[in-house]
Amino acid sequence: MRRTVTPALALGLCALLATALPAHATTERTAHADSYGTKAPYAPRQNPRSYEPAPAGFTPVFTENVSRHGSRAASDSEDGDLILALWDKAESEGQLTRAGREFGPRVRLLLDAMATVGYGNLSGRGKQEMAGTAARMEQRLPELFTRIAEKNEKIDVVSSGQTRAVDSGKAFTAALAATDPRLAPLIGATRTDKDVLYFHKAAGGAAYRDYIATDERLARTLKSITDQPATHRAARGVLGKLFKPAFVQRVVQGEFSSIGSDVDAAEAVYNLYGIAPAMRNESPDGKGWGMERYVPPSDAAWFGYLSDAEDFYQKGPGFTDSDITYKMAGVLLDDLFKKVEAKRDGTSDLGAELRFTHAEEIIPLAALMGLPGSTKPVTAEQPYTYADNPWRGASVSPLGANIQWDVFRKGGTYLVRMLYNEKETAFKQGCTPVSKGSKFYDLNELERCFGRDQAS
């Protein structure tokens, strides 16, 4: 039986699936978003009622995305193990603050929850983020998905092969099928393409991996940013929430160096603070872990900056005189163009191409494409700071970050609209839209702008 998806039904399903965005999600994004870095929870960046309509006569014929996996558990228990070793020592000596006494049991519950989900795996919130993004995609393009269903076009699903990326694809496509069951048989089994969606670990990333491992300027720059008095002040601020002053001083003086330094311990607390929102659904009351009460806002902001600095130099715009951190994303940009060109050339039976990957791919792609916030590299003499550079991990690649190209056709003309975290976004400087201020671009113009017409 054919099911008609009315606007009311689509809106209702979107509301249901968007439970990953409760009332307090806005607070997470605005009040403390930058302090979470690339662990920031996902939220769409534009009101769906404000999208620019396609030019007259153009209808959607294809869509494709590149999505970072949704919220997940931490990669391992290392941070929890480190801080709990210190906590156990302080507890045995009566050196915990009032907040510190509740911290240890709370961390143990969080570690248990992450072990249950599976370290590195998609959390309940991550599944909701993917489902909500899918539902909104279908809501934006009802005509396209009706076309896909009626013409039996294929929906190709491809991932890095990592469990959290595979599971993100499953949650995303399940939401598409829930909105319109006719799509279910058209959704292909998830295939793996590491060259395109895990390029930092594939053959094409060999030079990049060597750079990360051996480049002295990179190491020197990151050390100079981290190893400064502000870091040690922030560390003392974090530890002071948990431990009495005498115990904090002993940590600072290196008495527990076999466990970790003051900065190591504070970073462990910060990392638990950072991952806690991703595990919100697994908290005892389903409302969160309250880890923000153990990290003073100013100290969270500093450690968030340090995290952003590392990602900026290792994955993002980096140094002005080098493209080593993002050049390898060309394989992914090439794939985006190839899928659109195949649709134009009549050699593709796809209605949608859905890709699921990681921050290590989204961040370089954003830099390569010149997306907002990723256009300003730095010199060695003027390092990355929040004061003079707009790059923020929470905006460039939050958990669930996505880049989407929608393709519209009228006769032999094909237009492309880009959404970045669901916000209509202009292509890089030098690309000319179909009209001033529009977010629609002729495919021929994009090929010219990105140099793809030079080989023809």
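Residue ranges 56-67, 247-258 sort as 56-67, 247-258 when ordered by packing (mean number of other C-beta atoms within 10 Å per residue, highest first).
The protection proxy used here, the mean number of other Cβ atoms lying within 10 Å of each residue, ranks peptides 106-114, 128-136, 266-274, 185-193 as follows, highest first: 128-136, 266-274, 106-114, 185-193.
Here the chain is treated with +1 on each Lys and Arg Cβ and -1 on each Asp and Glu Cβ, and its dipole about the Cα centre works out to around 1240 debye. Relative to the first principal axis of the alpha-carbon coordinates of the chain, what is the inclination of helix 229-242, with its axis defined by its Cα atoms, in degrees from 0 to 90 and to the nearest 10? That helix lies at roughly 80 degrees to the long axis. Using 0.36 nm per residue and subtracting the Cα-Cα separation, the extra length available between GLU91 and SER261 on full extension is 59.4 nm. Let me know the whole percent of all Cα-Cα pairs from segment 324-456 that are separated by more than 21 Å. Here the tail beyond 21 Å accounts for 44 percent of pairs. Relative to its Kirkwood radius, the Cα radius of gyration of segment 140-208 gives an Rg/Rh of 1.10. Here the spin labels are modelled as points 7 Å beyond Cα on the Cα-Cβ line, and at ASP227 and THR385 they lie 2.0 nm apart. Note on segment 218-271: Cα-Cα pairs beyond 13 Å make up 58% of the total pair count. Only beta bridges with both residues in segment 309-456 are counted; by DSSP, about 95 percent of them are antiparallel. Taking R0 as 45 Å, what FRET efficiency do you get between SER298 and LYS151 from their Cβ-Cβ distance, rounded to the nearest 0.05? Efficiency computed from Cβ-Cβ geometry: 0.20.
For ALA426 and ARG209, FRET efficiency with R0 = 30 Å and r from the beta-carbon atoms, rounded to 0.05? In this case the efficiency is close to 0.40. For the chain, the fraction of C-alpha pairs farther apart than 40 angstrom is 22 percent. Positive-end ranking of PRO181, THR432, GLY274 along the dipole of the chain, with charges on Cβ about the Cα centre, is headed by PRO181. Radius of gyration over Kirkwood radius for segment 322-382, both on Cα atoms: the Rg/Rh ratio is 1.10. Across the options LEU110, GLY204, THR192, the greatest Cα extent toward the positive end of the charge dipole of segment 85-223 (unit charges at beta carbon of Lys, Arg, Asp, Glu) belongs to LEU110.
Compared with the dominant principal axis of the Cα atoms in the chain, helix 78-92 is inclined by about 30°. As a fraction of the 1.4 Å probe accessible area of segment 273-399, surface on carbon and sulfur atoms comes out at 51 percent.
Projecting the Cα atoms of LEU222, TYR420, GLY254 onto the dipole axis of the chain, where Lys and Arg carry +1 and Asp and Glu carry -1 at the beta carbon, places TYR420 farthest toward the positive end. Per residue, the accessible area of the chain comes to 41 Å², computed with a 1.4 Å probe over protein heavy atoms only. Here LYS287 and ASN444 are evaluated by their C-beta separation; at R0 = 60 Å the FRET efficiency comes out at 0.75. The angle between the Cα long axis of helix 216-226 and the longest principal axis of the Cα atoms of the chain comes to about 60 degrees, rounded to the nearest 10. Evaluated at q = 0.18, 0.30 Å⁻¹, a Debye calculation over the C-alpha positions of segment 102-161 (equal weights, vacuum) places log10 I(q)/I(0) at -0.81, -1.16. Charge dipole (Cα centre; +1 on Lys/Arg Cβ, -1 on Asp/Glu Cβ; no other charges) of segment 195-281 amounts to roughly 360 debye.
Here the chain carries DSSP beta bridges of which approximately 60% are antiparallel, counting only pairs with both residues inside.
The values are calculated or read from the model by the stated rules, or taken from the named source; none is laboratory data. Quick caveat: nothing in here was measured; it's all calculated off a predicted structure. Reconstructed Cβ throughout: ideal geometry from the backbone, glycine too, with neighbour counts over all protein chains shown. With ligands, DNA and RNA removed, areas are computed over all heavy atoms of the protein, side chains included. Shrake-Rupley method; radii C 1.70, N 1.55, O 1.52, S 1.80 Å.
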